[in-house]
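The structure appears below as C-alpha cells.
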Amino acid sequence: MYPSRFRYEAPRSLDEAITLLREGGDDAKVLAGGQSLVPLMKLRFASPELIVDINNLPGLDYHREDPDGTLHVGALCRHVDLERSELLKSKQPTMAAAAPLIADPIVRNRGTLVGSLCHADPQGDWASVALALGGSIVAHGPGGRRTIKVADFVTGPFQNVLEPDEIAVEAIIPAARGARAGGYLKLERRVGDFATVGVAVAIETSGDTVTRAGIALTGVGGSTIGATAAAEALVGEPLTEQKIELAAQLAADVSRPRTDHRGSAEYKRHIVHTFVVRLLSRADGFAERAA
Amino acid sequence: MSQALDEIKIGGLGASRKRVEDNRFIRGKGNYVDDIVLPGMLHMEILRSPLAHARIVSIDASKAWEIPGVHLVMTGEMMATRNLAWMPTLSYDTQAVLATDKVRFQGQEVACVIADDPYIAKDACEAIDVTYEALPVIVSPAQALAPGATVIRDDKENQNDNVIFHWEVGDAEGTSRAFAEADMVSRLQLHYPRSHPSPIECCGSIADFNRATEKLTVYMTTQAPHIIRAAVALVAELPEQMIRIISPDIGGGFGNKVPVYPGYVCSILASILLERPVKWIEDKTGNLISTGFARDVYLDGEMALRRDGKILAIRMHTDSDHGAFFSDAQPSKFKIGLMHSAFACYDIPYAHMISRGTYTNKAPGGVAYRCSFRVTEAMFFQERMVQAAAVDLGMDQAEFRRMNFVRDDDFPHRTPFGFLTDSGQYGACLDVGLKAVGYDNFLQQQEEARSRGRLLGIGISTMTEPLGAGNSREYDILGIKMFDSAEIRVHMTGKAMVRTGARGQGQGHETTWAQIVSHELGLPADDITVEEGDTDTAPFGMGTYASRSTPVAGAAIAMAARKIRAKARRLAAHLLEVSEEDVEWELGRFYVRSAPDRGVTIQECAMAAYSNMPDGMEPGLQNQSFYDPPNLTWPFACYIVTVEVDPETGVWDVTNMVAVDDCGVRINPMIVEGQIMGGLTEAYAMANMQFITFDAEGNCVGSNYMDYLLPTAWETPGFELHSEIMTECPHHPIGAKGIGECAAVGGPAAFVNAVMDAISYTGVRNVDMPMLPDRVWEAMKYRRDVSGAPPVLTDE
Ligand SMILES: Cc1cc2nc3c(=O)[nH]c(=O)nc-3n(C[C@H](O)[C@H](O)[C@H](O)COP(=O)(O)OP(=O)(O)OC[C@H]3O[C@@H](n4cnc5c(N)ncnc54)[C@H](O)[C@@H]3O)c2cc1C
C-alpha cells in the first residue's frame, strides 16, 4: 500500500483531537477502525494531509444501555463487540441480526459502528439499521456537543453534516416503547461482500398492535433509504398478511436500485419486496444469512 | 535376514507425507520476490492507462523528473529507441511493452518510474501528464467482428480487421454425413466468462545487472524460469550464459506467472541503464486488470443423435476473446489450445470444430488457469452439451453418459479430433459417484420436493482430459520442445538432492519429488532435498503449468533415479564380490540372489561411490534425465453436485458434492486430495460468483477483491472425495497421471448442470456462469436463457 504522504497524529484527549482537526481543516481526517478510510487511501481515492487517529482516546469503546433502555454505542466500539454482545442479542434484534453480516471477521475486529455511519456508504449496513431504529449521532466539536438524527446526518453518498473539526463520539438508539422485534437480511455474493440488497426492519408492538415501525434499505439507492411510507402503513394495527404485502410493496417502490454486475434494478427491487415480507412474517426476526 | 523397508514409513510412493515446504510457509519464513532486498535497490512503478482504447496524443513527464528521489522515467518512445517498445508474445504476435501509438486496454502499461522508494515512484507516476484521444471501445467478439468495427491492431501490417486466426480441426465431411443421418440434433450456445488466476502474490521482479561481470540476475515470479531466460536472451539480446533467472518461493501461479510481462522487461532495462537493482512489485489491481486472464470463449455446438441415445457426431464453433494482443501461453501448433480434447471420454465417430480468435480492448494473455490449455472450456461445453442432449432425448443423464463412454477394453482409443486416450474405467467411476450421492434416492426426493414448491437439482460432470504436455513431436512453445528434466545427486552419506526444470508454486514439489526418489532408491524421503527455480543450477525444463510436473518432470526424476540405481547395482556387486547378474534389488537394498542375507544398503553403495569404487568406474553417484513423454496422461473424473435453489431469490446452495478422481498412482494421496479440493473450490467459484467483465467503455469490473470474488471457507461447500478407482498410466514410469487441474476443469459443469436441473421446469437451456442469483431468478421469471456476455449493463 502506497498512499500519498500524510501527517499522522494520535492524540490522547478529545480536546487535543479537536484542536488538531481544526488545524487540519478540510485536509484532515479522523481515523477510527480504518476499514473504509485506509482502503481509500491505498487506492489514493482519498489523500488527506493529516490523519487524526482517535484510537487512543479513552473511554469510547463502550456500548451500554440506560435504565430507560436507550442504547449508547461509543465511537470505538467495534463491529465485533456488537456481534458478541449479549445485550444486543436480548434487546436489539435488528442490530444483533446485522452485526455478523457486516464484512468479515478481520474487518469486524477493527471497524466501528460510528465510523460506518460517518462514512455514509450507501452500501453500509449499520446506516439502515440505525435509520430503521430512529437512531442519532452525538457530535463533539469546539463549541460542545450536538445530537443529530441519523435521518438528517447523511447528506449524500459518503457525505455527512459533521464540521471538519467535529468528532462523532457516539451513536444513540432510542428505547423501545413496546416489545421489540425485527431483523436484518442481506443479499451478498460472498462473506465480506457489500450488500446487493439489505433490508432492516424494526418494529415495536403492544399486544397485537404495531406501535412503531422502521424500515430502511441498503444498497438500493444513492444513499441509505428510509422506507417511511412502508413503515407508517404498519403502525396502529396488527401485522396481517395484507399489511405485510402492502409494506413490502411500498418499500420496493421507494427503492432506487441501479442495474449493474450485481443484478438488474428489477431484481433488486424484487429482493427488497421479498426481504420485507420475510422479515415481517418472522416474528422472532433473527438473523439469517440470505446468501 | 534383514527386514524389507516399509515404503510408507520411509515416505515413498503412497505415503501421505506432510508437506515439507509448509514448515517455512506457515511460519512466515518463505522467501518471495518481495522479501528480497538487495543493496542499492531502487523501486519501479507502472503508470497504466485509464482508458480502454485511445490514441496517445502526448506524454509530458517533466514534472515527474523533478520529484526528488526519481532516477528514471521510461516511456514507450524511449523504449522504441532501444527497439523494446514491443516484444514478441508466446503465440507469435507482438505486445506493447510501453504504449507508443495507442492504448488498447484499460490498465495497459504507459510509462514507468524508478525511484528511491515505491511511494515516490507512485507520486511521480501521478505527475506524468498523458493526453489521450478516446477511440471506440470493443469488449466482445461480436463487437469486434461487426462490420465497420475499429481495427484495434492498426500497428500490424495487413491487419484490416480484428480477426486473429481461423482454425479448423476434425472431419468436416464425415461430420456432415453423420448429421444428415441423425434422428435428432441437440444444440447449445454459451459463454465461458473471463476469469483470472488471481494468485495471492502478484507478479514482480528484481533485475540486477552488474556492469563489472556483465551478468544479469533477475529474481522473478515465474513458473517457467528457463523459458524466461531464453526470452530475455532473445528480446534483450543478451548472451544466455550471462542471464540468471531465479524464481524463489512463489505465492501461487495457476498459469498467471507463465507469460512475460512488460513490468519484467522494464525492470530489466532500468537495471541495465541505472546499473542498480530495480524492484517491481505489481499491486492487486495491476495484476487483475493487466496480466494473463483465462477463458472468455463463446461456444456454440451441435450434437447428432440416434434416438436410442447414441452420439453420432459433434460440431463445435468457438469465438475466443484474446484481448488486445494474442499472447496466449500454449503449444504453438494449436491456436485454441487443446479445445479439441472435448468429448474425449465419449465414443463418437465424427467431430469437427471451427475456431476463430478476435482482438478486443481487453487485457491480453489467455493463460491456462489451472488447466491444460483451454481444456476447461472444452470440458465445460462437453458436459453442458451432454446434459442438454440427455434432456432433449428424455433420457436419464447418467445412463446417457454411460452408454456413450469409451469402454474399458477399447483402449487405446483415437478421439474424433485425433487425440489418443490410453486408459480408464469410466463406467466404474460413474458407478462410485452415483452410489455415493445416492442417485436414485435423490431423484425421488427431487420429485417430492417439487410437488411442495422446492427446487432440488442434480448435476453430473464426467470427463477425461489431456495432461502433461508434450510429447515433443507435437508440443512446443515458440519452437522449444515440451520435455522436462531432473538431476539427482546422491551424497556420500546416502543423502540426496533433486533439481528439476519445473517450478512449484505451492503444489508440494519438494515433498512429492522426494517421494519419487524414495520409491526408486529406497532412501528415506526426509533425506532428500529438492531445489527448483534457479536457471544457473537447475537443468533446463519447460516449467510448471498445465498439470505437467508429475507427468513430465516427475517421470524424469524416476528415470534419473533408475540410472543411479543401475550404477549403485554395479557398486553393490563390487562390495558383495559377486557379479552384477547375481545382485537382486529390494527397496533400499541390494542382496545376493543365492544368499539373501548378504546385502548392502543403498547408503553403503553411495559411500562406496566416493570411497571404494571398482577400478575403472567413474566416481560419484549422480545422474540426470531429459524426459520426453510418449503421450499425454489421461486422468478421469466424475463430479456430482446436488443443489437447492430458492425460487424467490435465485440463491442456490450446494447440498452435496461427490468427486471421484482416477488419476492413476497417487504419489502423495494427501497432496492429491488437496489439489482436488482446491480445484473444486475454484470450480465452485467460477460457477457461483467469479468473473471479470467489462462495461461498454471497457472499464474492467473485477479489478479488486471487492468485485473479483474468491470464495471463503464460509460459502465453499464440503466435498466428499473418492479414490476407489485407480487406472495406472500405461506409459508413465510410476503410473501417475496429472491431477492438478481435473477438479477446476471438470467441476464447473457439475455445479451448473445441477442448477439447470433444478430449474428444468422452465425449459431454459442455459444460464451463463457465474450463476448469480439474479441470473437464475431471471431465467425462472422470464423463462429465457440468460447471457453473461459483456458489456455488463448499467443504467447510466
Ligand atoms: C473488506 C471489507 C468489507 C466490508 N464489508 C462491509 C459490509 O459488508 N458492510 C458494511 O457496512 N461495511 C463493510 N465494510 C466497511 C466497514 O464496516 C468499516 O469498518 C466502516 O464502514 C467504517 O468504520 P471504521 O471505524 O473502520 O472507519 P474509518 O475507516 O476509520 O473511517 C471511515 C470514515 O468515517 C470517518 N470517521 C470515522 N469515525 C469517525 C468519528 N468518530 N467521527 C468523525 N468521523 C469519523 C473517517 O474520517 C472516514 O472518513 C467493509 C470494509 C472492508 C475493508
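Computed quantities for the displayed model
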quantity	calculated
Checklist (1) open to solvent by 20 Å² or more (accessible area, probe 1.4 Å); (2) under 18 Å from the mean Cα position of the chain (by Cα); (3) more than 14 Å from chain A (Cβ to nearest Cβ) applied to B:THR655, failing item	(2)
Whichever residue in segment A:148-160 is in a strand (DSSP E or B) and β-branched (Val, Ile, Thr) and, among such residues, is surrounded by the fewest Cβ atoms within 10 Å (Cβ to Cβ)	A:THR155
Selection within segment B:348-366 - open to solvent by 10 Å² or more (accessible area, probe 1.4 Å) and among the aliphatic types (A, V, I, L, M)	B:ILE354
Sole exception among (1) at pLDDT 95 or above; (2) more than 14 Å from chain A (Cβ to nearest Cβ) for B:PRO791, by number	(2)
Residue pairs meeting the criteria (Cβ under 7 Å; at least 6 apart or on separate chains; first within 16 Å of A:LEU57 (Cβ to Cβ) and aliphatic (A, V, I, L, M), in segment A:158-173; second in a loop (DSSP other than H, G, I, E, B) and more than 9 Å from the ligand (Cβ to nearest atom))	A:ALA171/A:GLY135
From B:GLY292, B:GLY253, B:GLY286, B:GLY263, residue being open to solvent by less than 10 Å² (accessible area, probe 1.4 Å), within 14 Å of chain A (Cβ to nearest Cβ) and at negative phi	B:GLY286
Filter pass, A:ASP15 being within 11 Å of the ligand (Cβ to nearest atom), out of contact with any helix residue (DSSP H, G or I) (no Cβ under 6 Å at 6 or more places or on another chain), modelled with pLDDT of 95 or more and acidic (Asp, Glu)	no
Segment B:564-588, residues that are out of contact with any Phe, Trp or Tyr (no Cβ under 9 Å at 6 or more places or on another chain), over 24 Å from B:GLU487 (Cβ atoms) and not small (Gly, Ala, Ser)	B:HIS574, B:GLU577, B:VAL578, B:GLU580, B:GLU581, B:ASP582, B:GLU586
The listed residue being modelled with pLDDT under 95 and of a type in the set (Lys, Arg), out of B:ARG55, B:ARG82, B:ARG19	B:ARG82
Members of segment A:236-270 found to be in a helix (DSSP H, G or I), away from every other protein chain (no Cβ under 14 Å) and open to solvent by less than 60 Å² (accessible area, probe 1.4 Å), listed by number	A:LYS243, A:ILE244, A:ALA247, A:LEU250, A:ALA251, A:VAL254
So B:CYS700, is it away from every other protein chain (no Cβ under 12 Å) and either open to solvent by less than 30 Å² (accessible area, probe 1.4 Å) or within 16 Å of the ligand (Cβ to nearest atom) (or both)	no
Breaking point among (1) out of contact with any Gly (no Cβ under 9 Å at 6 or more places or on another chain); (2) more than 30 Å from B:GLN690 (Cα to Cα); (3) part of a helix (DSSP H, G or I), for B:ASN287	(2)
Residue count, segment B:309-320 (criterion: in contact (Cβ under 8 Å) with a residue 60 or more places away in the chain and either acidic (Asp, Glu) or surrounded by 24 or more Cβ atoms within 10 Å (Cβ to Cβ) (or both))	6
Some residue of segment A:188-207 being open to solvent by less than 20 Å² (accessible area, probe 1.4 Å), of a type in the set (Lys, Arg) and within 16 Å of the ligand (Cβ to nearest atom)	no
Pairs, first farther than 26 Å from A:ARG108 by Cα and open to solvent by 30 Å² or more (accessible area, probe 1.4 Å) in segment A:20-34, second more than 9 Å from the ligand (Cβ to nearest atom) and part of a strand (DSSP E or B), C-beta under 8 Å, six or more apart	A:GLU23/A:LEU50; A:ASP27/A:LEU50
Among the candidates A:ASP61, A:ASP68, residue that is surrounded by fewer than 23 Cβ atoms within 10 Å (Cβ to Cβ), touching a residue at least 40 places away in the same chain (Cβ under 8 Å) and of a type in the set (D, E, K, R)	A:ASP68
Number of the condition not met by A:GLU163 [criteria: (1) open to solvent by less than 20 Å² (accessible area, probe 1.4 Å); (2) within 12 Å of the ligand (Cβ to nearest atom); (3) farther than 30 Å from B:GLN690 by Cβ]	(1)
The listed residue being within 14 Å of chain B (Cβ to nearest Cβ), at positive phi and out of contact with any Leu (no Cβ under 6 Å at 6 or more places or on another chain), out of A:GLY207, A:GLY222, A:GLY192	A:GLY192
B:ASP768 vs. criteria within 21 Å of A:GLU266 (Cα to Cα), in contact with a Leu (Cβ under 8 Å, 6 or more places away or on another chain) and more than 10 Å from chain A (Cβ to nearest Cβ)	yes
In segment B:703-727, the residues that are of a type in the set (Ser, Thr, Tyr) and more than 11 Å from chain A (Cβ to nearest Cβ)	B:SER723, B:THR727
Tally, over segment B:269-283, of residues that are open to solvent by less than 10 Å² (accessible area, probe 1.4 Å) and part of a helix (DSSP H, G or I)	2
Filter result (within 11 Å of the ligand (Cβ to nearest atom) and of a type in the set (A, V, I, L, M, F, W, C)) within segment A:131-141	A:ILE137, A:VAL138, A:ALA139
Wholly within segment A:21-128, helices (runs of 4 or more DSSP H) carrying at least 1 residues that are more than 8 Å from the ligand (Cβ to nearest atom) and within 14 Å of chain B (Cβ to nearest Cβ)	A:37-42, A:105-110
Qualifying positions in segment A:172-189 - outside any strand (DSSP E or B) and within 10 Å of chain B (Cβ to nearest Cβ)	A:GLU188, A:ARG189
Test for B:LEU772: is it of a type in the set (A, V, I, L, M, F, W, C) and open to solvent by 20 Å² or more (accessible area, probe 1.4 Å)	no
Filter pass, B:GLU520 being in contact with a helix residue (DSSP H, G or I) (Cβ under 9 Å, 6 or more places away or on another chain) and open to solvent by 10 Å² or more (accessible area, probe 1.4 Å)	no
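The values are calculated or read from the model by the stated rules, or taken from the named source; none is laboratory data. Source: prediction; values computed, not measured. When we count neighbours, we look across all protein chains shown, and the Cβ atoms used for this are built from the backbone with ideal geometry, even at glycine. Accessible surface areas use protein heavy atoms only, side chains included; no ligands, DNA or RNA. Shrake-Rupley method; radii C 1.70, N 1.55, O 1.52, S 1.80 Å.
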